[in-house]
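Coordinate-derived values only; no laboratory data. Just so it is clear, the model here is predicted, and its values are computed rather than measured. All Cβ positions, glycine included, derive from the backbone under ideal geometry; neighbour counts span all protein chains shown.
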Amino acid sequence: MNYFSCLRYILAATILIGSLSSCAPTVSPTTTYRLEPVSGDVAMIDGRPVTKAQQHGVGVVASFEREDMEFVTLDIEVKNQTDHPIVVNPADFRFVALGASQDTLTDPINQSLALERLAANPSYEAGRVKMKRKQEEKRLKRAKVFNTVLMVAAIASDVSSSGNSRTYREFANKQAAHYAAYQGIAIKRAIDYGTFANRMQQYDYEEYRWRELALKENTLAAGESVRGFVYLPKVANASFLALTYNVPEIASVPILFKQEQVKQNRTKRKRH
């Protein structure tokens, strides 16, 4: 890419950024997930439905907490009412997605299989957060190198063209074009750093979520209980989630949740 091609690229980017920045906010509906338990011993506690289910001394108390990015979050308490220790593992929660008639949905990847998903494994997800941090740091480094290349090209183009202007009008046009190029680079740099900061802030939350909020794998002694959040992957077209908590060779505790999507208002951008 020669200097003038680079300059045209920067100007095009500046026009695009400017068009995006010239938008004004307006209100538009968006969709959020809401789950409600419809099986087991359901009761209203603190204004929300909570269900209890038990099998072979393993009890589960469950309620819907909130939507959280790519997950729906359940507040889960596991009770060990057996006479021996059990291992509690959030990855032992799984669900089958059901349609409006509680018919089993098929997996879009393999139509011969039911649409079944496991709950998120906090240990695995915490490891992914570390990987995403490293990838974001590499992305910023690449952006910084590219911004430097653009700046060098813009300066070289500015210097080479400043002495080649045959009229004042031509000189003024070139100066205006290079000023726009410098502004475009500055805007791109600000966007790069803003994106980096926003994503790292998101990863801070994700790390906190898996470390402090999620139900952890542990051994639960007889008579003890443990509570935490269980994160289920979203399935947009499901009307019900047939959740099961499996304790291998001991119990399989079923809980049925009804799922609906509720429209809410959110702010989006609109052209003047």
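Mind checking which lysines have their C-alpha under 30 Å from residue 263, skipping anything on the same chain fewer than 8 residues away?
Within the straight-line limit of under 30 Å, residue 263 reaches these lysines: 52, 234.
Select from region 47-119 those chymotrypsin sites (Phe, Trp or Tyr not before Pro) which occupy a DSSP coil region and have at most 10 other Cβ atoms within 10 Å, ordered by residue number. Can you show the working numbers first?
Numbers: sites: 64, 71, 93, 95; in loops: none.
Answer by residue number: there is no such site.
Between residue 83 and residue 142, with labels modelled 7 Å along Cα→Cβ, what's the label distance in nm to one decimal, could you check?
A separation of 6.1 nm, rounded to one decimal place.
Could you count how many Lys pairs in region 127-209 have their Cα atoms under 20 Å apart, skipping same-chain pairs fewer than 8 positions apart?
Values: 130/138; 130/141; 132/141; 132/144; 134/144; 138/188; 141/188; 144/188.
Counting lysine pairs in region 127-209 gives 8.
Work out the length of the dipole vector of region 53-169 about its Cα centre, built from +1 on the beta-carbon of each Lys and Arg and -1 on the beta-carbon of each Asp and Glu, and round it to the nearest 20 debye.
On the way: 16 positive and 15 negative charges, 274 e Å.
It comes to approximately 1320 debye.
Between residue 105 and residues 5 or more places away or on another chain, which pairs have amide H atoms under 5 Å apart, with H built 1.01 Å from N, and which residues are they?
Those lying under 5 Å, H to H, from residue 105 are 97, 98, 99, 115.
Could you tell me the calculated FRET efficiency between residue 207 and residue 104, based on Cβ-Cβ distance and R0 = 41 angstrom, to the nearest 0.05?
Numbers: r = 35 Å, r/R0 = 0.86.
It comes to 0.70.
Loop-only GluC sites (Glu not before Pro) in region 211-270, please: DSSP not H, G, I, E or B, and at most 12 other Cβ atoms within 10 Å.
Values: sites: 212, 217, 224, 249, 260; in loops: 217, 224, 249.
Passing sites in region 211-270 are 249.
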